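S.K.: Quick one: the structure is below, questions incoming.
The values are calculated or read from the model by the stated rules, or taken from the named source; none is laboratory data. All figures in this text were calculated on a predicted structure; none of them were measured in a lab. No Cβ is skipped: glycine too gets one built from the backbone with ideal geometry, and neighbour counts run over all protein chains shown. When the accessible area is computed, the model is the full protein with side chains, heavy atoms only, and any ligands, DNA or RNA have been set aside. Shrake-Rupley method; radii C 1.70, N 1.55, O 1.52, S 1.80 Å.
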Amino acid sequence: MLKSHTPEKMNMLPCIELETAPNPTAAVIWLHGLGADGNDFVPIVPELKLTGCSAIRFIFPSAPTMPVTVNGGYVMPAWYDIVGRNLMDQEDAAGIHKSAASIVELIEKEAGRGIAYDKMVLAGFSQGCAMALHIGLRFPHKLAGIMALSGYLPLAMTANIEKHSANSNTPIFMAHGTYDPVVTLDRAQASNALLENMGYQVDWNEYPMEHSVNHEELMDISRFLQEVLAAK
């Protein structure tokens, strides 16, 4: 069941929603990468074959458009600005915090629709991965899991200070391509090491690919989702 969602408030992010069955009791909020939109990961949901889960509502929001410095100021969908190629130079903290507030609104909307926080997974690819990690570590209610694909931990210097104990034991699935030229493998590995040093449970996975998702990774994503959203 696929449908577009019109924002209820002027500042609420537009979303595409897909329900695996009627009356969902779990939710996955999936954040796209730089320059993409909410349509990006919709086609993979049927490939996940989530037979071990109750009905899930997948929510695919679209980021607002903005000029992106690293791309010559070209206007595109982005969760925050990127200044330098190494991703850590002059991080756009204001942009990250602004997008985080908009994404948290979507989490709270699902809570208002009857989905328990601990039946929600926050997922993201690339820049969306950065947002999922940023929010997930700081969110004051326990989530079912965090899925971090081909990305990194932003604002790493403040993460350990700002993290919330509610998600100290929340499973984190991290996946990365060994040939990724956009977010290099060593950047992702450094984020993984930081998370583990902070005490998080990280399920780290590498695949022989570039900045993308392959079939093996989809099967591992399916496994992770079935573990954290298992029907009780």
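S.K.: Hey, could you check the stretch 19-52 for residues that are among the hydroxyl-bearing types (S, T, Y) and surrounded by 13 or more Cβ atoms within 10 Å (Cβ to Cβ) and say which is farthest from M120 (Cα to Cα)?
M.R.: Taking the stretch 19-52 first, the residues among the hydroxyl-bearing types (S, T, Y) are 20, 25, 51.
From what is left, the residues that are surrounded by 13 or more Cβ atoms within 10 Å (Cβ to Cβ) are 20, 25.
On the way: T20: 14, T25: 9 Å.
Selected residue: T20.
This table checks each residue for (1) in a helix (DSSP H, G or I); (2) under 20 Å from I103 (Cα atoms); (3) touching an Asp or Glu at 6+ places or on another chain (Cβ under 8 Å); (4) open to solvent by 40 Å² or more (accessible area, probe 1.4 Å).
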{"position": "L143", "(1), (2), (3), (4)": "no, yes, yes, no"}
{"position": "Y152", "(1), (2), (3), (4)": "no, yes, no, no"}
{"position": "T158", "(1), (2), (3), (4)": "yes, yes, no, yes"}
{"position": "I161", "(1), (2), (3), (4)": "yes, no, no, yes"}
{"position": "A166", "(1), (2), (3), (4)": "yes, yes, no, no"}
{"position": "A175", "(1), (2), (3), (4)": "no, no, yes, no"}
{"position": "P181", "(1), (2), (3), (4)": "no, no, yes, yes"}
{"position": "D186", "(1), (2), (3), (4)": "yes, no, no, yes"}
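S.K.: Inspect the stretch 129-136 for any residue being in a helix (DSSP H, G or I), among the β-branched types (V, I, T) and either without any contact (Cβ under 8 Å) to a residue 12 or more places away in the chain or surrounded by fewer than 22 Cβ atoms within 10 Å (Cβ to Cβ) (or both) and give the result as yes or no. Before you say what the answer is, go through the steps one by one.
M.R.: First, pick out the residues of the stretch 129-136 that are in a helix (DSSP H, G or I): 129-136.
Still in the list and also among the β-branched types (V, I, T): 135.
Still in the running and either without any contact (Cβ under 8 Å) to a residue 12 or more places away in the chain or surrounded by fewer than 22 Cβ atoms within 10 Å (Cβ to Cβ) (or both): none.
Checking the stretch 129-136: not a single residue is in a helix (DSSP H, G or I), among the β-branched types (V, I, T) and either without any contact (Cβ under 8 Å) to a residue 12 or more places away in the chain or surrounded by fewer than 22 Cβ atoms within 10 Å (Cβ to Cβ) (or both).
S.K.: Just for the stretch 201-232: of the residues that are among the hydroxyl-bearing types (S, T, Y) and touching a residue at least 40 places away in the same chain (Cβ under 8 Å), which one is nearest to E47 (Cα to Cα)? Working first, answer last.
M.R.: Going residue by residue through the stretch 201-232, those that are among the hydroxyl-bearing types (S, T, Y) are 207, 212, 222.
Within this subset, residues satisfying the condition of being touching a residue at least 40 places away in the same chain (Cβ under 8 Å) are 212, 222.
Details: S212: 16, S222: 9 Å.
Across the stretch 201-232, the extreme among qualifying residues is S222.
S.K.: Continuing with this model, one more query. Can you report the number of residues in the stretch 191-207 which are more than 15 Å from K163 (Cα to Cα) and either touching a helix residue (DSSP H, G or I) at 6+ places or on another chain (Cβ under 6 Å) or surrounded by 15 or more Cβ atoms within 10 Å (Cβ to Cβ) (or both)?
M.R.: In the first step, residues of the stretch 191-207 are kept if they are more than 15 Å from K163 (Cα to Cα); the result is 192-193, 202-207.
This time we only want the ones that are either touching a helix residue (DSSP H, G or I) at 6+ places or on another chain (Cβ under 6 Å) or surrounded by 15 or more Cβ atoms within 10 Å (Cβ to Cβ) (or both), so: 192, 202-207.
Summing the residues that are more than 15 Å from K163 (Cα to Cα) and either touching a helix residue (DSSP H, G or I) at 6+ places or on another chain (Cβ under 6 Å) or surrounded by 15 or more Cβ atoms within 10 Å (Cβ to Cβ) (or both) in the stretch 191-207 gives 7.
S.K.: Can you pull out the residues in the stretch 210-232 that are assigned to a loop (DSSP other than H, G, I, E, B) and either open to solvent by 30 Å² or more (accessible area, probe 1.4 Å) or touching a His at 6+ places or on another chain (Cβ under 9 Å) (or both)? Don't jump to the end; show me each part of the working.
M.R.: Filtering the stretch 210-232 for residues assigned to a loop (DSSP other than H, G, I, E, B) gives 210-214, 229, 231-232.
E210, H211, S212, V213, N214, A231, K232, listed by residue number.
S.K.: Tell me which of these I59 doesn't satisfy, since it passes every other one: (1) part of a strand (DSSP E or B); (2) open to solvent by 30 Å² or more (accessible area, probe 1.4 Å); (3) touching an Asp or Glu at 6+ places or on another chain (Cβ under 8 Å); (4) not aromatic (F, W, Y).
M.R.: Every condition holds for I59 apart from (2).
S.K.: Please indicate, with yes or no, whether at least one residue in the stretch 99-120 is buried (at least 17 other Cβ atoms within 10 Å of the Cβ), β-branched (V, I, T) and part of a helix (DSSP H, G or I).
M.R.: yes
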